[in-house]
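Down below is the structure, laid out as C-alpha cells.
The values are calculated or read from the model by the stated rules, or taken from the named source; none is laboratory data. In this text, all values refer to a predicted model and were calculated from it rather than measured experimentally. In this analysis, Cβ positions are derived from the backbone assuming ideal geometry, glycine residues included, and neighbour counts consider all displayed protein chains. When the accessible area is computed, the model is the full protein with side chains, heavy atoms only, and any ligands, DNA or RNA have been set aside. Shrake-Rupley method; radii C 1.70, N 1.55, O 1.52, S 1.80 Å.
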Amino acid sequence: MPLSRRRFLSLGAGTLATAVAAKLAFSRSAAAAHPTIDPGTDGHAVSTVCEVCFWKCGVEAHVVGDRLIKIRGNPRHPLSNGKLCPRGVGAVGLAYDPDRLVKPLLRVGPRGSEEFKAVSWDEALSYIANKLEDLRKKYGPESVALFNHGSGASWFKHLLSAYGTANFGAPSFAQCRGPRDVAFELTFGSDPGSPEILDIGHSDCLVLIGSHLGENMHNTQVQDFADAVARGADLIVVDPRFSTAASKAKTWLPIRPGTDTALLLAWIHVIVTEQRYQRAYVEKYTSGFDELAKAIVEYTPEWAAAETGLDAEVIRATARRIAGAAPASLVHPGRHASWYGADDTHRSRAIAILNALLGSWGHRGGFFRPSGMKLAKVPTPAYPKAKPPADRREGEAPFALEPLAQGLRRATLDGQPYPIKGWFVYGTNLIQALPQREETLKAIQALELLVVVDVLPAEIAGYADVVLPEAAYLERFDDLVPIAWHKSGVALRQPVIPPPGEAKPGWWIARELGQRLGLGAYFPWTDVEGYLKERCKLSGIDYATLARDGVVLAPDKPTVVEDGLALTFATESGKIELYSEKLAKAGFSPLPKYERPDGVPAGYFRLLYGRAPAHTFGRTTNNRLLGELAHNDRVWINAKVAKDLGLADGATVRLVNQDGIKSAPVQIKATERIRGDCVYMVHGWGHTAKGLRYAKGRGADDAELVSRVKVDPVMGGTGMRVNFVTLQKEA
Ligand code: SF4
C-alpha cells in the first residue's frame with residue numbers, strides 16, 4: 001500500500017519506518033540472514049548530520065547491530081529541533097539502495113556506453129594518479145577542474161588545491177544562487193547565507209517571490225514558515241503557479257513569468273513616494289537613497305500592472321501591507337535565482353533594496369546575523385600558487401564570486417585561456433545540473449580524464465573513465481560541519497553503519513590519491529578521526545561531547561538589534577548601498593533595472609521547473625522509500641488550456657522545445673493552479689542511466705529541454721527560464 005504524505009511524515013518517530021527500513025536493510029545483502037527486527041525497537045541512536053540536501057540538519061540515526069532502522073531529528077541541533085523533512089527521514093532508502101556503487105569501476109566501452117569493469121582500489125587510484133601526473137606534465141596542474149556539490153567535496157578541493165589548480169566550479173553558483181548572493185553582497189556586504197539567515201518565524205509579513213516553501217522543503221525554514229502562518233503573519237506569494245505556500249497566503253499574485261522586477265520596482269515606488277520606508281534606519285544605515293528616489297518615480301503601479309498582468313490597486317495595497325509590518329517584514333531573497341539571465345542580479349538587488357527600506361536587515365522578523373563560532377584549521381603546507389580559474393574571459397561577468405561551471409566547460413571545449421583536460425566530478429550529476437547538454441557531452445568527449453566520485457550511478461557516471469564508489473553520509477566521517485544560525489556551533493558527521501561492498505569515504509579516497517601524487521604532507525594524519533580530534537582540540541571543542549551529542553553550541557550572542565546586535569556592513573562605504581558605485585564603475589546600472597522577457601511564441605508555453613517536498617532533485621529519485629511518496633513527475637498545465645488542446649488530466653504527452661528537443665513521455669496534471677502561458681515540472685526526474693533501476697524512465701527530464709540560456713552579464717548566471725515547449729499527445 002503506498003504511504004500517504006501525512007503518514008510518511010509521522011514515520012520519523014513511528015514503527016512503520018522500522019519495518020520498511022528493515023525490508024530495505026535486508027535487500028542490501030541477500031546472504032545476510034538477519035532475524036526480523038522488532039518493529040517496536042528504537043535501537044541505539046548515533047548523532048550525525050544529514051546530507052540529502054545542503055541544509056545539514058542534525059539527525060539521530062537508530063541502529064540495531066550494524067543495521068540502520070530509522071532516522072529522526074536531533075533535538076539538540078538548532079537546524080532540526082528534533083524534526084526532519086521527509087527526505088531526511090527517508091534517507092534509510094539511500095543507505096540500502098540496491099543500485100549503490102560498491103566497487104571501483106574502469107571504463108571499457110566508449111564514453112557514455114556505461115560499460116565498465118570492476119577493479120581494485122589500488123588499480124583505480126593508481127590509474128588516476130598516473131593520469132594526473134601525465135596531465136600536470138603535459139598541460140600544467142590547472143588543466144584539471146573539479147565540479148562539486150555537497151560538503152564532502154572539501155577533501156577533493158583540498159587535494160586538488162595541493163595539486164595546483166583553482167578550477168572549482170559548483171553548478172550551485174551560476175545555475176542557482178549566484179545572482180542573489182552577488183546582489184546581496186553588493187547591497188549589504190554579505191549574502192543571505194546557506195542556510196539563509198531569515199527570521200521567518202517572527203515575521204509579521206512575509207513575501208515569497210517564486211519561493212515555494214513547503215515544496216522547497218528546507219527543514220528549519222519550513223518549521224519557521226509554519227510558525228509564521230500559525231501566528232497569522234501576512235503572507236503574500238508571487239508565483240505563476242498556485243503553490244502550496246500560495247494556498248496559505250492572504251494574497252496570491254499570479255504574475256506573468258519574468259516580470260517580477262517590475263513588481264518589485266513598483267513596490268519600491270509606493271513605499272518611497274508615500275514615505276512608508278523606515279526613515280531613521282534608512283538615514284542611519286543606507287547610502288544612495290536620493291538617487292533611488294529619483295529613479296523610482298517612473299515605476300508606478302500602473303506601469304507595473306501592464307508588465308506583470310497584476311492589478312495596479314493590488315500592487316499598491318500589497319506595498320502598503322509590506323511596509324506596514326516593517327521592520328518585521330521580510331521579502332524572501334529566494335535561493336534559485338538564475339531565472340531569465342538579463343536582469344537576475346537586478347531583480348535580487350531590488351529584493352535587497354526593498355528589505356533595506358523595510359529595515360529588516362538585522363531586525364527580529366527579518367535577517368539576523370548568526371552568532372558564529374570560530375573553527376581552527378589543522379596546519380598543512382601552503383598550497384602552490386595556481387593560475388586564475390579558466391571560466392571567464394577578460395571583462396566577462398566581473399562580479400562572479402566563484403568560478404562558473406559552464407565557463408570551465410567552455411574552456412574544456414576551446415582550450416581558452418588554457419586547456420582543461422581532466423574533470424573530477426563529486427556529488428553532482430552534471431548531465432542534469434548544467435544547461436545546454438550538448439555542450440556538456442561535447443566537452444566530456446574532449447577530456448583525457450573524467451573521474452566521478454559518487455554513491456549512485458547517475459548519468460554522469462556513465463561517461464567516466466573511473467567511477468569511485470563513495471560511502472554515503474551515513475557511513476562516513478566528513479570534516480567538521482559549522483552551524484551558522486541563531487544558535488551557532490559545530491556538528492559532527494560520523495559513520496552510523498558500515499558502507500556497502502568496497503565503498504570508501506571521501507577523506508580516504510582523497511588522502512590515498514594525495515599519497516600517490518607525492519602530496520602526503522597535506523594529509524598529516526593516518527585516520528580522519530585523529531584529524532577531527534586535533535581540529536577540535538585546536539578549536540577548544542570537546543570531541544567526546546561532540547561525538548555523543550552530535551553538536552556543540554557556542555555561547556549565545558545577540559543576532560538581532562533588539563537583543564543588542566550592532567549593525568555593520570562590509571561594503572566599501574560601510575553602509576547599505578542602495579545605489580551601487582561598484583556596478584556603475586563596471587558599466588552596469590547602479591540601480592535595479594527591469595528587462596522585459598522575450599514573449600512566449602504562439603502555440604508554446606514557457607517552461608518552469610521547481611522542487612517537490614519528497615525529493616532533492618535527481619539525488620533522491622532512485623530512493624525507493626521516498627518513491628512511496630512521489631515516484632513520478634507530472635507536468636502542470638492550466639486546465640482550460642489542456643481542455644482546449646484536447647488533453648484530459650493524466651493524459652500522456654511529450655514536451656518538445658523550441659529547438660525540437662523532445663522529452664520522454666510524461667503525464668499532465670491539468671489544474672486551475674497555474675497560469676495558461678506556462679507549464680511547470682519538478683527538476684530531477686527522467687533519468688536514463690541504466691544503473692538507476694528504480695528512477696530510470698520515470699517522468700521527464702526538464703534539464704534536457706533547457707537548450708538555451710541567457711547569461712547574466714553582471715555575474716555569469718545562466719537564466720534557464722527562457723525555453724518554450726509545446727505538448728505532443730502520446731498514443
Ligand atoms: S532539510 Fe531535509 S534533506 Fe535537507 S538536511 Fe534537513 S533533513 Fe536532510
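Less than 5 angstrom separates the built amide H of residue 651 from those of 668, all sequence-distant by 5 or more or on a different chain. Taking label positions 7 Å along the Cα-Cβ direction at both residue 375 and residue 586, the computed distance is 2.9 nm, reported to one decimal.
Since only 118, 580, 471 are under comparison, the one whose Cα sits farthest along the positive direction of the charge dipole of the chain, derived from C-beta charges on Lys, Arg, Asp and Glu, is 118. Ranked by the mean number of other Cβ atoms within 10 Å of their residues, highest first, the peptides 559-567, 79-87 come out as 79-87, 559-567.
When both segment 173-240 and segment 138-163 are represented by their alpha-carbon centers, they are found 31 Å apart.
A Cβ-based charge dipole, computed about the Cα centre of the chain with Lys and Arg at +1 and Asp and Glu at -1, lands at about 800 debye.
Compactness of segment 539-639, taken as the C-alpha radius of gyration over 2.2 N^0.38 Å, stands at 1.92. Per-residue packing, averaged as other Cβ atoms within 10 Å, sorts the ranges 680-687, 119-126, 636-643, 430-437 into the order 680-687, 430-437, 636-643, 119-126, beginning with the highest. Positive-end ranking of 331, 531, 144 along the dipole of the chain, with charges on Cβ about the Cα centre, is headed by 531. What you get for segment 605-729, charging only the Cβ of Lys and Arg (+1) and of Asp and Glu (-1), is a dipole of about 220 debye around the Cα centre. Sequentially through segment 206-219, phi angles give Karplus couplings (6.51, -1.76, 1.60; θ = phi - 60°) of 10, 10, 10, 10, x, 8, 9, 4, x, 8, 7, 9, 9, 2 Hz, Gly and Pro residues having no value and appearing as x. Judged by the ratio a/c of the largest to the smallest principal axis of the C-alpha gyration tensor, segment 605-729 counts as oblate, that ratio being 1.5 or greater while a/b is no larger than b/c. Between residue 126 and residue 502, the distance separating the two model label sites (each 7 Å from Cα on the Cα→Cβ line) works out to 1.3 nm. Could you check the spin-label model distance between residue 645 and residue 527? Points 7 Å from the Cα along Cα→Cβ, value in nm. According to this spin-label approximation, the distance is 5.8 nm.
Full extension of the chain between residue 600 and residue 662 yields a length gain of 20.5 nm, computed as 0.36 nm times the residue separation minus the alpha carbon distance. The charge dipole of segment 94-245, taken about its Cα centre with unit charges on the Cβ atoms of Lys, Arg (+1), Asp and Glu (-1) only, comes to about 860 debye.
Which of 355, 651, 604 sits closest to the plus end of the dipole of the chain, meaning its Cα is farthest towards the positive end, when Lys and Arg get +1 and Asp and Glu get -1 on the C-beta? Value computed over the given set: 651. Less than 5 angstrom separates the built amide H of residue 148 from those of 169, 170, 426, all sequence-distant by 5 or more or on a different chain. Take every pair of alpha-carbon atoms less than 8 Å apart whose residues are at least six positions apart; their mean separation over the length of the chain yields a relative contact order of 19 percent. Share of carbon and sulfur in the accessible area of segment 605-729 stands at 49%, probe radius 1.4 Å.
Projection of the Cα convex hull of the chain, averaged over all directions and equal to a quarter of that hull's surface, yields 30.2 nm². Pairs of Lys residues in segment 465-609 that lie 8 or more places apart, or on two chains, and have C-alpha atoms under 28 angstrom apart add up to 13. Each residue of segment 452-469 was assigned a 3J(HN,Hα) from its phi angle through the Karplus expression (A = 6.51, B = -1.76, C = 1.60, θ = phi - 60°), giving 10, 10, 6, 9, 10, x, 6, 3, 4, 4, x, 9, 6, 7, 9, 10, 10, x Hz with x at Gly and Pro.
Dividing the radius of gyration of the alpha carbons in segment 60-99 by their Kirkwood radius gives 1.02 for Rg/Rh. From the alpha carbon centroid of segment 564-579 to that of segment 282-298 is 15 Å.
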